[in-house]
């Protein structure tokens, strides 16, 4: 008796020779074509980021003056020179003040404005646009506006003091006052960035959490402390890192308002780099300062991301 087996629909017949595997058009062609889309971005990143970084590091190991064709390799002499440079230490301390001070002010003001505007319905869009508008203005233009307010002769603030019989004050010539003015000006210009980030974070918090808290008899402050702040950790991480990086590399406002101040008292590391290169004609030493600033920003960003990522709360 012969038994015949009816072919099952799932049975397939291989037409490929043994030992050879047919290549899928999807797995062989599409990914290869997709990979080419990364090439323009990689080229731009290499040309405008990697190459300048490598060139800066190599330049910091020379004594090039920025103009002549000849330059000699001097190793780490420029970095050793930084250890005894009083002007660099002053600029480094000022840079930390600009970065940390501006970051703290922007977080407090930005979060406060975001909480208020998240609740206000009438005119909220207009207020958001007005607060964010300074971000769109060039720091040079904004710095010039504030310079006309704080300058000694014919400054708006001193002219106002003269109306009331008070003496003129050299606001930007004093190191402490000048640094304070720079921190405030930088904070007021970029507080809109923090406000937008926190607004986005607040709008992503489910309203059910607040409704449940109200049913349990929680006050506004208890809800804000126990619900809003923990769920805003991703927004905190983004805003703090962005503001800190911007403050550490601050250049425009410092240059326009004080130009480094008397005795280099208000210099940031960025303005010191420009003065060292163009005024002192020490391109190699200027590059070494730039490398130190780059390492400082990378280290600060890495530490902040590590600390803030541990505290994130997921919904």
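Just so it is clear, none of the values below were taken in a lab; they were calculated from the coordinates. From a predicted model like this one, the values you see are computed outputs, not experimental measurements. Positions of Cβ are backbone-derived with ideal geometry, glycine not excepted, and every protein chain shown enters the neighbour counts.
Tabulated data for the structure shown
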quantity	calculated
Mean projected area in nm² (Cα convex hull; one quarter of hull surface) for region 42-148	12.2 nm²
Sorted largest first, extent of region 93-309 alpha carbons per principal axis (Å)	66, 49, 26
Percentage relative contact order, the chain, counting C-alpha pairs under 8 Å, at least six apart	28 percent
Order by protection proxy (mean Cβ within 10 Å, highest first), peptides 200-207, 246-253, 122-129	246-253, 200-207, 122-129
Spin-label proximity, residue 164 to region 172-211 - amide N less than 16 Å from point 7 Å beyond Cα toward beta carbon	none
Square roots of five times the Cα gyration tensor eigenvalues for region 187-226, Å	27, 12, 5
Computed lengthening from residue 54 to residue 184, 0.36 nm per intervening residue step minus Cα-Cα distance	43.3 nm
Helix-derived mean residue ellipticity, 222 nm - over the chain, DSSP H n ≥ 4, -39500 (n - 2.57), to 500	-19500 deg cm²/dmol
